[in-house]
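Student: What follows is a structure written as structure tokens; I'll ask about it next.
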Amino acid sequence: MLDKILTAFRKTDAPSPHAVIVTVGLIAMTIFSAPNQMALQATALAVVLWLCLAFFALEWLMHAWTAHGDGRLRGYCLSSACVIDALAVLPVPLALLLGVLPYTAWLFASLWLFKLATVTPGLARLGRVFLLEARPLTSVLVLFVLVLVFAAMALHLLEGDVQPTTFGSIPQALWWAVTTLTTTGYGDAVPSTPLGRVVAGLVMICGLGVFGLLTGILATGFVEDSRRHSFLQNWNLVRHVPFFRRLEPAGLIELARMMRQWEVAEGTVIVRRGREGDCMYFVAAGEVEVDVSPPVRLGTGAFFGEMALLGSGLRAATVTAISPATLLVLDAADFRTAAAHHPALADAIEKEAGRRGGARQKLPKRRSPETKRR
Ligand code: CMP
């Protein structure tokens, strides 16, 4: 029941209940952690905290119950989801039972933050990026450690006698190296010899380089991951659109790479008559209506927006979504490339545009090997 309510919430645009409960709980915990509170305020905060805890306990029970019903209780008990559920519920009561003061025991409520990890899709993506980019990230980490150790040794040699309290040992010099390489620079340890300052300058430059590399690797990883993700989504849609069945797998892959997905709400005006058009659309799910006389409805597998690309460049009609729809958008440049590579696709689109009364241009098509020989 609770699971169903939470799933229904997730489908709406409302903030996740977990995010709301964790935020309320953490605010209550922060205020509660201050000693010497007024009795009424402390009681009110305790009630809020216990209610949050009760929600998480109930959710834990529901997860276990659902897993039991699906015959995967053992798998659930060994999963990270179960650990996160348990960490949200058990530590505070256990601490209270062991005699820890309430305002200290409730600090364990900060473990509720892990709940957010389970409902934040971006975190899963971050995890994937770290896994995918593990090799380059490890190389940069090794570089970081190398510079760190060499910098600490150099400064220990150069400044150890001059500033024994700061650079007298490698661990002491390492503290300076860490603050310098991370460009934090507290200023509590500063080289005073000219050579020491030269080394410090080099270490600072290396620090900037290392962080630049890390940022670049992670940014590339995110771009790659989202490209892969949208390719998989497009692929799933493209291969279920009947119109594309005429394409061989290589063609489908090419189109899946070119297209982007667009979810439109019911009533959205997708193209407006008279406006310039620079893309065409395939309906992967849902229904749209073309405001010609009489109006024409286009459902899954149909396409529209091709007439502007084949004719004057202006939209011949207004097209509106009459139900929530998933569209695959193909930009004009990609449309021409796809048409040149896949004559069957180009012919079908031209034929339909002609039937609708709009094809004035012929698409350039790649000649088949037989045509070339002749
Ligand atoms: P375009 O002119 O780019 O934008 C509006 C689209 O509506 C148009 O391309 C066609 O894809 C579509 N359209 C126009 N007339 C008809 C019709 N009679 N039947 C179906 N679709 C149409």
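Nothing in this text is a laboratory measurement; each read-out follows from the coordinates by a stated rule. What you see is a predicted model, and the numbers here were worked out from it, not measured in a lab. So basically every Cβ, Gly included, is an ideal-geometry build from the backbone, and we count neighbours across all protein chains shown.
Student: Under the rule of at least 5 residues apart or a separate chain, name every residue whose amide H is placed under 5 Å from the amide H of Val296.
Tutor: For Val296, whose amide H was placed from the backbone, the distant partners under 5 Å are Val290.
Student: With +1 on the Cβ of every Lys and Arg and -1 on the Cβ of every Asp and Glu, and nothing else charged, how large is the dipole of region 204-308 about its Cα centre, in debye rounded to the nearest 20?
Tutor: Dipole of region 204-308, to the nearest 20 debye: 160 debye.
Student: Something else: Only Cα pairs within less than 10 Å get springs; with that Gaussian network setup on the chain, which residue of Leu310, Leu96, Leu255 has the largest fluctuation?
Tutor: Among Leu310, Leu96, Leu255, the largest GNM mean-square fluctuation belongs to Leu96.
Student: When the Karplus curve 6.51 cos²θ - 1.76 cosθ + 1.60 is applied with θ = phi - 60°, which whole-Hz ³J(HN,Hα) does each residue of region 330-343 get, with x for Gly and Pro?
Tutor: 10, 5, 3, 5, 5, 4, 5, 4, 4, 5, 5, 7, 10, x
Student: A further question follows. Would you please put 260-268, 279-287 in order of how densely packed they are, using the mean number of other Cβ atoms within 10 angstrom per residue and starting with the highest?
Tutor: Descending mean neighbour count gives 279-287, 260-268.
Student: Hey, another quick one. Would you be so kind as to identify which of Val198, Thr183, Leu345 lies farthest towards the positive end of the dipole of the chain, taking Lys and Arg as +1 and Asp and Glu as -1 on Cβ and the Cα centre as origin?
Tutor: Leu345
Student: In sequence order, what are the phi-derived ³J(HN,Hα) couplings for region 250-266 according to the Karplus relation 6.51 cos²θ - 1.76 cosθ + 1.60 with θ = phi - 60°, rounded to whole Hz, with x for glycine and proline?
Tutor: 4, x, 4, 4, 4, 5, 4, 6, 7, 8, 10, 8, 9, 8, 10, 7, 4
Student: Same structure again: Name the long-range amide H neighbours of Ile322: under 5 Å, sequence gap of 5 or more, or other chain; modelled H, no Pro or chain starts.
Tutor: Residues meeting the amide H criterion: Gly267, Glu287, Val288, Glu289.
Student: Using a simple charge model, +1 on the beta-carbon of Lys and Arg, -1 on the beta-carbon of Asp and Glu, nothing else, what dipole does the chain show about its Cα centre, in debye to the nearest 20?
Tutor: 1820 debye
Student: Simple spin-label model, 7 Å along Cα-to-Cβ: Asp291 to Ala332 in nm?
Tutor: 2.3 nm
Student: Moving on to the next point. Treating only the Cβ atoms of Lys and Arg (+1) and Asp and Glu (-1) as charged, compute the dipole magnitude of region 238-281 about its Cα centre; round to the nearest 20 debye.
Tutor: It comes to approximately 100 debye.
Student: So for the chain, averaging the separation of alpha carbon pairs under 8 Å that are six or more residues apart and normalising by length, what relative contact order in percent results?
Tutor: Computed over the chain, the figure is 10 percent.
Student: So for region 225-271, taking the charge dipole from beta-carbon charges (+1 Lys/Arg, -1 Asp/Glu), which of Leu232, Ile253, Val264 sits furthest toward the positive end?
Tutor: In region 225-271, that residue is Ile253.
Student: Sticking with this structure for a sec: Work out the charge dipole of the chain with +1 on the Cβ of Lys and Arg and -1 on the Cβ of Asp and Glu about the Cα centre, then indicate which of Phe335, Leu141, Ser323 is farthest towards its positive end.
Tutor: It is Phe335, whose Cα lies furthest towards the positive end.
Student: Between Gln37, Gln172, Gln233, where does the largest GNM mean-square fluctuation fall for the chain, given springs only between Cα atoms within less than 10 Å?
Tutor: Gln37
Student: While we're here: Classify the chain: rounded, prolate or oblate, from the alpha-carbon gyration tensor (a ≥ b ≥ c, eigenvalue square roots; a/c under 1.5 rounded; otherwise prolate if a/b is larger than b/c)?
Tutor: oblate
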